[in-house]
Amino acid sequence: MFSYILRRILMLVPVLFGVTLISFFLLHMVPGDPAELLAGLEATKEDVDRIRTEYGLDQPLAVQYLRFVGSAVRGDLGISIQSRHPVFTLLLQRLAFTLQLSLVSILVASAIGLVAGIISATRQYSAFDTASMLGALFGISMPIFWLGLLLILVFAVRLHWLPSGGTGTLRHLILPAIALGSASAAVIARMTRASMLEVARQDYIRTARATGYRESVVVFRHALKNAMIPVLTVFGLEFGYMLGGAVLTETVFSLPGIGRLLVEGIFARDYPVVQGAMIVVATTFVLVNLLTDVAYAFFDPRIRYE
Amino acid sequence: MRRTWWGFGVALLVGAIALAPAAWAATQPQVGGTLVYGAGADPDSLDPANTDSNPGEAVGRMMNNFLVRFDAKLNLVPDLATSWTQSKDGLIWTFKLRKGVKFHDGTPFNAQVVKYNFDRFLGPEKPLKASLHTPIIQSVEVVDDYTVKFTLKVPFAFFLNNLAHSATAMVSPEAHKKWGKDLTLHPVGTGPFKFVEWVRGDRVVLVRNDDYYEGKPRLDRIIVRTVREDSARVLGLEAGDYDLIVRIPPEEVPRLMREGRVRTYAEQSNRALWVKFNVTKKPIDDIRVRQALNYAVDKESIVKNIYQGLAAVIPTLVGPLNNGYAPVKSYPYDPAMAKKLLAEAGYPNGFKTNLWTPKGRYLKDFELAQAVQQQLQAVGVEASLETADWGSYLAALRKPPAENKADMHLLGWSPSTAEARWGIYPISACDQFYPRGSNLGFYCNKDLDGLITKAVVATSLKARDQRLREAQELLVKDPAAIYLLATKETVGMSLKLHGVINSPLELVYVDKDTWKEK
């Protein structure tokens, strides 16, 4: 198990190399120049060239990339061309925030999703089942942007219960977590229901019932635990996407997450910021996938990694 | 009609009596409180010499002072300089400085500080805005601790405007020595509010400067939040999360005014929007075609329908509140005249062309371009609309004539020195073709250049403004662009906030007198 985890982590090296290489060249293929954007409309070409030289943008692309890799392996991700903030500090701040938001969101999503899914599965075709699956359809289909504005309108503007955006307290995370988590809740609910229904038809469930276990034991210990594998997959994917940045949610609620850093970095052609953010996004995604795989073994002892 | 007015008058009177105590209470300024300001974007830099964005300049105005500064109506008033004299030839300017002013880090302000700040512009560091001063200033000398003498390379009638430019804020020499280019992350000025922190993408925090030379500011603290999304800013204001927001979309204004829970405050800005011609392209090189296109666009209708009245038609390239703006007679909406001129130029059935526009950079920019496109179509000119994100847009336009694909391009221009010369020269002078300057349409009229030069060397304001008027008249005769409009900046604020400055420079900020009811 340990050597498996180590191998997977080592796999990160080629992954990161590929990700930075591709994003670097893609970004440079897009027209637009960070120096020009920084200097603004009133600047002369001389001003622009000075900035280019300062940030080494006048060098051939290969040289620029190798320089980036060279300092990145030493832990130096450079400074933002746009604002001179150290990229490492920016990433830490954004990652800390994105982690908080993603954790609260995935908690909200799994709480709602699992409960709704389990009840729906145990009471298939009941009124609750129909209602929750309709709700799930709604959750998946609703654009985050629209849902976010709606939540702000109701809970911030009309009721004054929660802040409309920004950061500061846990209360600031509630509306964004609901907006971000609702689609995941829907997916988790549907997956839990489907998987539970599948497991419920298995022989060992019938055997468990025949042995005389209480229904709750059958549902939670025998059915749910075995039904968790596909749910875990969904859970891991959703969490991975959240950690990769939730640009829309971050925009509606004016949150300083990694997603907006990346998107705004792309618009500003702020190469060091984009590269740094890509490294973070790729790393978290790989790690979450690894955690998911490890969790499989916990839920299903038959799964072993050697 | 008369009765209606009567009733209105009575209602006003009753209302005034009923509201009097509240109004009286509201006019008694209170001390203390935090102002939460919802800005549309992060500053680009908090080092004045390196900033080129409204958010950066607006935050700067709260932290910094200038030798002379603009008041809310763009008059030039003393700030850190108390008085000044100009030699007869216009080359020597001597400034008497204010005594007893201290930077936030304790460094005293004096003539050496002024010299240090200008030497920084003229020296090898070359901050972004160095080109504001390098062509003009020869040297700066300390006469005594509180007198400083500028020697100019050329007479320059807009010198005071340059000193009031956001970039020319006085920064602490000690802080600059310590931080160098990273002054942007550790700014130190003399202004009413001191820098605390800048968390990019989230907030800039300022606190009251108790030692401010004009007296202690009333607000304790200012939090400038980055709220990119327009509707999120408006909703946040309505929810009470922000006390002040910028850039309300025009279509939201009527509703907010009707509901009355927040106050909106529109101020004419100097941001001129126009569709610049690329005069190297056929048939736009023909003056009759350029005139025709100006006749073809109904600007009044655009202001009314797209901007809900939150813009003003302008006669040339220059926004209406700039020093030296002249309300010259320009092009009325006259499609018949447009067709006639097109026919004379040899295009009775119009022609095909393109129109480049940014999207979301300026107030309603894309909608404006669409309206222009439709109105040109009515006189037979088929303009295809091209748009791109700002970075790609700049890259496409900032190209020499041979590689420049844009026949016409929409831009907004707001002279940071609040004078008409900057509204014309950098974008229309013969020696400002890209890459030397920002003339991206390659317009060149020697007479115009001559008038601008005369305005620059004028030593009286009257002579200067007369030359500028003639320049604007010439721009009408020989159009450099389809002249459109200058936008208004609409800020929204809580009913409890008083004394916000909405400058025509599109800078929204607060000063020591701004206050908030508890």
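Between rounded, prolate and oblate, where does chain A land on the alpha carbon gyration tensor, with a ≥ b ≥ c its root eigenvalues, rounded for a/c under 1.5, else prolate if a/b exceeds b/c? Because a/c hits 1.5 or more and a/b fails to exceed b/c, chain A counts as oblate.
Taking all protein chains into account, the per residue accessible area for region B:175-266 stands at 39 Å² (1.4 Å probe). Over the C-alpha trace of region A:168-306, radius of gyration and Dmax come out as 19.8, 66 angstrom. Here the calculated FRET efficiency for B:E214 and B:N305, from their Cβ-Cβ distance with R0 = 41 Å, stands at 0.40, rounded to the nearest 0.05. Helix-only arithmetic for the protein assembly as shown: the sum of -39500 (n - 2.57) across DSSP H runs with n ≥ 4, divided by the residue total, places the mean residue ellipticity at 222 nm at -14500 deg cm²/dmol.
Counting only protein heavy atoms and a 1.4 Å probe, region A:159-214 has 53 square angstrom of accessible area per residue.
Partner shielding of B:229-235 amounts to 6, given as the average count of beta-carbon atoms from other chains within 10 Å of each residue beta-carbon. The calculated FRET efficiency for the pair B:E344 and A:F145, based on their C-beta separation and a Förster distance of 45 Å, comes to about 0.30. Residues of region A:230-255 that bury at least 30 Å² of accessible area when the other protein chains are present, relative to the chain alone (probe 1.4 Å, heavy atoms, ligands and nucleic acids excluded): A:T251, A:S254. Note that region A:105-147 carries a Kirkwood radius of 11.0 Å, evaluated over its alpha carbons pair by pair. A dipole drawn for chain A from +1 and -1 charges on Cβ atoms has a positive end, and of A:V108, A:V19, A:F239 the residue lying farthest that way is A:V108. Working from label points 7 Å from Cα in the Cα-to-Cβ sense, the B:I92 to A:N289 distance is 7.5 nm.
When B:W390, B:W84, A:W146 are compared by accessible area of protein heavy atoms, the largest-first order is A:W146, B:W84, B:W390, using a 1.4 Å probe. Taking label positions 7 Å along the Cα-Cβ direction at both A:S216 and B:C430, the computed distance is 9.3 nm, reported to one decimal. Pairwise alpha-carbon distances in region B:428-518 exceed 21 Å for 57% of all pairs.
The residues B:Y37, B:Y213, sorted by heavy-atom accessible surface at 1.4 Å with ligands and nucleic acids left out, run B:Y213, B:Y37 from largest to smallest. Computing Rg and the Kirkwood Rh from the Cα coordinates of region B:57-137 gives a ratio, Rg/Rh, of 0.96.
Put the Cα centre of region A:84-159 next to the Cα centre of region B:467-483 and the gap is 57 Å.
Taking 0.36 nm per residue of separation and subtracting the current Cα-Cα distance, fully stretching the chain between B:K329 and B:E259 would add 21.3 nm. Averaged over the residues of B:278-291, the number of partner chain Cβ atoms lying within 10 Å of the residue Cβ comes to 0. Divided by 2.2 N^0.38 Å, where N counts the residues, the Cα radius of gyration of the protein assembly as shown comes to 1.09. Centroid-to-centroid, using Cα positions, region B:215-274 and region B:401-465 are 33 Å apart. Annotation: the antiparallel percentage among DSSP beta bridges lying fully within the protein assembly as shown is about 75. Positive end of the dipole of chain B (Cβ unit charges, origin at the Cα centre): among B:P426, B:H104, B:A338, the Cα lying farthest that way belongs to B:A338.
Surface composition of the protein assembly as shown: carbon plus sulfur atoms contribute 61% of the solvent-accessible area (1.4 Å probe, protein chains only, all chains present).
Pair-distance distribution P(r) for chain B, from all Cα-Cα distances in 20 Å bins starting at 0: 21, 51, 26, 2 percent.
Chain B against chain A buries an accessible area of about 4000 Å², both chains summed, 1.4 Å probe radius. Translational diffusion of region B:301-429, estimated by Stokes-Einstein from the Kirkwood radius over alpha carbon pairs at 25 °C in a medium of 0.890 mPa s, is 149 µm² per second. Of the DSSP H helices in chain B, those that are both long (alpha-carbon extent of 30 Å or more along the helix axis) and hydrophobic (Kyte-Doolittle mean at least -1.0) are B:2-26. Contact residues in region B:147-196 (at least 50 Å² less accessible area with all protein chains than alone, 1.4 Å probe): B:K181, B:L185. Largest accessible area first, the residues B:K88, B:K352 order themselves as B:K88, B:K352 under a 1.4 Å probe with ligands, DNA and RNA left out.
Rg/Rh for region B:388-486 stands at 0.99; both radii use Cα atoms, and Rh follows the Kirkwood definition. The long axis of helix A:127-141 is offset from the longest Cα principal axis of chain A by roughly 10 degrees.
Taken residue by residue and averaged, Cβ atoms of other chains lying within 10 Å of the Cβ of A:40-53 number 6.
For region A:1-98, the Kirkwood estimate of hydrodynamic radius, built from reciprocal distances between every pair of different alpha carbons, is 15.8 Å.
Separation of the alpha carbons by more than 23 angstrom is noted, of B:K73/B:K512; A:K45/B:K462; B:K339/B:K405; B:K281/B:K304; B:K399/B:K488; B:K276/B:K399, for A:K45/B:K462; B:K339/B:K405; B:K281/B:K304; B:K399/B:K488.
For region B:240-376, a simple Cβ point-charge model (Lys and Arg +1, Asp and Glu -1, everything else neutral) yields a dipole of about 320 debye relative to the Cα centre. In plain terms, the bigger the Kirkwood radius, the slower the diffusion; for region B:395-448, with that radius from Cα pairs, at 37 °C and 0.692 mPa s, Stokes-Einstein puts D at 281 µm²/s. Note: region B:44-101, Cα convex hull, 118 Å³ per residue.
Rolling a 1.4 Å probe over the protein heavy atoms leaves B:K399 with an accessible area of roughly 60 Å². Note on B:D230 and B:D71: their simple-model spin labels are 3.4 nm apart, each label 7 Å out from Cα toward Cβ.
The values are calculated or read from the model by the stated rules, or taken from the named source; none is laboratory data. The structure displayed is predicted, hence computed values, not measured ones. So basically every Cβ, Gly included, is an ideal-geometry build from the backbone, and we count neighbours across all protein chains shown. Surface accessibility is based on the protein's heavy atoms, side chains included, excluding ligands, DNA and RNA. Shrake-Rupley method; radii C 1.70, N 1.55, O 1.52, S 1.80 Å.
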